[in-house]
C-alpha cells in the first residue's frame, strides 16, 4: 500500500460523507468552536505560561460548603510568581478578585470568546475584575518590570 492509501485526500467521498453525517447527528457546540478560535487568536510566545496549582472546584465536595455557594478559588504559579484568584458567581457573570506575588502595579486582562476586559493591579498586587463572562477564559498579568504571565484556559 502506498502512503496515499493510508491517508485519503480531504475530498475523498467517504470522508465527505462522514463529515456530513457527524455535522448532522453530533455537531460541535458553538462554545467549543469559539473557545478554540480564541485560543489560537490570543497566543503570545513571549509570555510565561502559568500552571494551575489548585482549583477548589476539583477538591473534595465536602469542603464546598465551607467556601459558600458560588465561590471558587484558583491558584496559578509561574516560577517564583503566583496568582491567587477568587471567583464569585453573579448570575451569568463572574467577579474575579485576587492578588499577584510578588506584588507590583500593572494590568490584568481576561480573555474569552466574548473578547477582552481589563482591570488594574494596584501596588500591593491586588485586583478586582467585575462582570467577567461565564465560560472559558485565561488571564494575562503584566506587572511593571517583570515578564508577562498567562494562565491556561479555565472555565469559570
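Please treat every number below as a calculation from the coordinates, not as lab data. Since we're looking at a predicted model, the values are computed, not measured. Backbone-built Cβ (ideal geometry, glycine too); neighbour counts: all protein chains shown.
At a 10 angstrom cut-off on C-beta neighbours, averaged per residue, how do the peptides 146-153, 18-25 rank from highest to lowest?
Descending packing order for the listed peptides: 146-153, 18-25.
Could you work out the relative contact order of the stretch 115-156, using alpha carbon pairs under 8 angstrom and six or more residues apart, expressed as a whole percent?
This gives 32 percent for the stretch 115-156.
Which order do the peptides 131-141, 85-95 come out in when sorted by mean C-beta neighbours inside 10 angstrom, highest first?
Details: 131-141: 19.7, 85-95: 15.3.
Output ranking for 131-141, 85-95: 131-141, 85-95.
Could you line up 112, 56 from fewest to most neighbouring Cβ atoms inside 10 Å?
Ordered by Cβ neighbours within 10 Å, fewest first: 56, 112.
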